[in-house]
Amino acid sequence: MDSKKKDETIKQPLIENPEEVTFLEAKERGYSGCKIVSSPKVVTFIDKNILDSVIFFHLDFANIVIRCGHLSNIIFDHCEFQNYSFSKLHLSKVIFRSCRLTGSLFTETFMENVTFEDCDLAYSDFTMSHFKGVLIARSSLKKSYLSDTRLENTHFIENDFSGSEFEKTKLAGIDFSSSNIQNMSVSIEYLTGITVSSSQALAFLPLLGIKIKEE
């Protein structure tokens with residue numbers, strides 16, 4: 001899948017004429033329709049059932065706690081989320097663009113029409129999450145962990161999966177051919193239907209009990 005054609009399968013956020021405001025101003029307006037350009041100086045909770053139509057631009061989420069069940073039509077642009085938790089959230093039409101998400105938790109998270117572009121997702125945990133229309137492009141997922149993860153209409157383009165673990169995760173229809181999969185581990189029973197390059201295929205032969213003899 002060409003990332004330029006992502007609109008054909010991954011729906012994008014719809015945010016019309018967002019107004020550029022500070023975090024405090026956005027909070028007073030209920031966040032919707034805002035482009036937030038400054039982080040709060042004290043710990044602040046976003047308490048809404050549905051957080052909709054917001055752009056977070058160059059924000060550090062160290063003092064921001066999202067306590068919403070559903071995030072819809074959201075763009076996170078150049079944001080900091082180190083060791084952040086998105087666990088058990090429903091993300092719909094969300095873009096993470098050039099965000100640092102190192103060590104973040106997406107456990108039991110439902111992601112529908114979600115895009116990660118140029119992000120750092122190293123050491124992130126996607127245990128029991130559900131991808132439904134997800135694109136991850138040009139991102140680092142070094143030593144990330146996907147266990148019992150459901151991958152539906154999921155596209156990986158030019159990512160670094162080195163040292164990552166796919167445990168009890170069906171990989172049928174998943175294309176890793178443009179990504180780095182060095183030292184990536186998978187459950188052998190879930191390899192059927194995976195797409196890799198000819199050079200990558202050699203790395204999976206030992207998992208199948210096949211030994212390569214030099215001529």
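The values are calculated or read from the model by the stated rules, or taken from the named source; none is laboratory data. Note that the coordinates shown come from a computational prediction; the quantities given were computed from them, not determined experimentally. Neighbour counts are summed over all protein chains in view; Cβ atoms, including those assigned to glycine, are modelled from backbone coordinates with ideal geometry.
Within region 68-79, residues that are in contact (Cβ under 8 Å) with a residue 40 or more places away in the chain reach partners that are among the basic types (Lys, Arg) and surrounded by fewer than 22 Cβ atoms within 10 Å (Cβ to Cβ) with beta carbons closer than 8 Å, at six or more positions or on different chains, in the pairs ILE75/ARG97.
Among residues of region 21-36 being of a type in the set (A, V, I, L, M, F, W, C) and surrounded by 16 or more Cβ atoms within 10 Å (Cβ to Cβ), the one that is nearest to HIS58 (Cα to Cα) is ILE36. Cβ-Cβ distances below 6 Å connect the following pairs, each with a first residue in region 172-186 that is closer than 17 Å to ALA137 by Cα, a second residue that is surrounded by fewer than 16 Cβ atoms within 10 Å (Cβ to Cβ) and modelled with pLDDT of 95 or more, and a separation of six or more residues or different chains: SER178/GLU158. Looking at PHE106, is it surrounded by 15 or more Cβ atoms within 10 Å (Cβ to Cβ) and in the same structural domain as THR149 (by TED's automatic domain parsing)? Judged against the criteria, PHE106 is a match. When region 80-113 is filtered for residues that are in contact (Cβ under 8 Å) with a residue 40 or more places away in the chain and of a type in the set (A, V, I, L, M, F, W, C), the ones remaining, listed by number, are VAL94, ILE95. Among the residues of region 5-28, at least one is among the aliphatic types (A, V, I, L, M), within 22 Å of the chain's Cα centre (by Cα), within 25 Å of PHE126 (Cβ to Cβ) and in a loop (DSSP other than H, G, I, E, B).
Only one residue in ASP7, ASP52 is at pLDDT 95 or above and of a type in the set (Asp, Glu), so which one is that?
ASP52
May I ask you to list the residues in region 46-65 that are of a type outside the set (Asp, Glu) and in a loop (DSSP other than H, G, I, E, B)? Step through it out loud before you land on a result.
Kept after step one, since they are of a type outside the set (Asp, Glu), are these residues of region 46-65: 46, 48-51, 53-59, 61-65.
Answer for region 46-65, where residues must be of a type outside the set (Asp, Glu) and in a loop (DSSP other than H, G, I, E, B): LYS48, ASN49, HIS58, LEU59.
Residue under question is GLY173, and the condition is that it be outside any strand (DSSP E or B) and surrounded by 13 or more Cβ atoms within 10 Å (Cβ to Cβ); does it hold?
On the way: outside any strand (DSSP E or B): yes; surrounded by 13 or more Cβ atoms within 10 Å (Cβ to Cβ): yes.
The answer is yes for GLY173.
The set of residues in region 31-45 that are closer than 19 Å to SER92 by Cα and either part of a loop (DSSP other than H, G, I, E, B) or of a type in the set (Ser, Thr, Tyr) (or both) comprises TYR31, SER32, GLY33. Scan region 70-111 for residues that are touching a Lys or Arg at 6+ places or on another chain (Cβ under 8 Å) and assigned to a loop (DSSP other than H, G, I, E, B) and the total you get is 7.
Of all the listed residues (ASN73, ASN83, ASN63), the sole one being over 23 Å from GLN12 (Cβ atoms), among the polar types (S, T, N, Q) and out of contact with any Gly (no Cβ under 7 Å at 6 or more places or on another chain) is ASN63.
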